Amino acid sequence: MAKNIYLCLTGAGVVVFMFYCMRIDFFPTGLTLTDVIFFLMVITSFSLFLFFFLVCWYSMSVVVSYLFINSTLLIFRKKNKKPGDLLYKLKGTSRMARLLKIYDPVPGHFLISLISMLVVYSAVKAGKIEVQSVFLSVFATALFFTLIPYVYFEKKVKKDDKKKHTLSIIAFLLFSFFSLSGIPPLLSDAGMSFIGVRKSNVTVILQGNDLEMARLLTGNPNQTYFKCDALFTGVGTSSLLVINNKRMIASNEHLSLSF
């Protein structure tokens, strides 16, 4: 079992690494599948950030679902509407959600949602994600969280099929998170930054042909050090730098970096 878990984690690290390389359109030289520790670091860092954002999305979606059901019920009560099929199903869904403890603890979800909104605001302000994607993803996952207690409440759904429907809803929920939120690229960048592969606003000193190429990019023939972003560095035999808004592949032998 330990061997299988080890192989699965390594394989997942390779997948996340390949996804990042395709995003930046660069594959480093000198890196092989035998660099197991590196791939384990990749999947570990990615998993940490993924867990954090899943918790954030879970709490925000639960809060939206909770507010939707309770505000709708409140509107029906204030208008003194006669109990209809919709009101009956909303009440039943609300009761089932309490029994399943989906919204518990409500104050905790509100607190995490507040923190999540601050994190999302920072990411939006930095241009990492778009507001529309966040709202669309949160409302989609909130809908799925509302459907879970409804499935358990609905008598037309057979008891044996309730778990199957719930698993299907969870699968769609995760799919909507990855496809609509715009978070996966952010997770990839954050994970690579966490293990030091990706660095922003660093200073590099180059030698040989790499120095001449960097001077050509900046237009300064006497420049000896360069401010840049390192999209990939520290692993393999080559690094990908962005100098003066232009991409450059440099040999690690000719590269000294400080940050």
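The values are calculated or read from the model by the stated rules, or taken from the named source; none is laboratory data. This one's a predicted model, so the numbers in the text were calculated from it and none came from an experiment. No Cβ is skipped: glycine too gets one built from the backbone with ideal geometry, and neighbour counts run over all protein chains shown. The protein model used for the area step is the full one, side chains on, heavy atoms only, and it has no ligands, DNA or RNA in it. Shrake-Rupley method; radii C 1.70, N 1.55, O 1.52, S 1.80 Å.
Within the range 27-56, residues that are under 11 Å from MET192 (Cα atoms) and among the hydrophobic types (A, V, I, L, M, F, W, C) reach partners that are open to solvent by 30 Å² or more (accessible area, probe 1.4 Å) and not in a helix (DSSP H, G or I) with beta carbons closer than 7 Å, at six or more positions or on different chains, in the pairs MET41/ILE195; VAL42/ILE195.
It is to be established whether one or more residues within the range 129-137 are in a loop (DSSP other than H, G, I, E, B), modelled with pLDDT of 85 or more, closer than 30 Å to ARG23 by Cβ and in contact with a Leu (Cβ under 9 Å, 6 or more places away or on another chain).
Yes.
Applying the condition of being over 16 Å from VAL63 (Cα atoms), in a helix (DSSP H, G or I) and not β-branched (Val, Ile, Thr) to the range 112-128 and asking which residue is nearest to the chain's Cα centre (by Cα) yields ALA123.
For every residue, the table says whether it meets (1) of a type in the set (A, V, I, L, M, F, W, C); (2) open to solvent by less than 30 Å² (accessible area, probe 1.4 Å); (3) in a helix (DSSP H, G or I).
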| site | (1), (2), (3) |
| --- | --- |
| LYS162 | no, yes, yes |
| LEU167 | yes, no, yes |
| LEU174 | yes, no, yes |
| PHE178 | yes, no, yes |
| PRO185 | no, no, yes |
| GLY191 | no, yes, yes |
| ASN201 | no, no, no |
| ILE205 | yes, no, no |
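Residues of the range 207-230 that are open to solvent by less than 40 Å² (accessible area, probe 1.4 Å), over 30 Å from ILE43 (Cβ atoms) and out of contact with any helix residue (DSSP H, G or I) (no Cβ under 9 Å at 6 or more places or on another chain): ALA214, LEU217.
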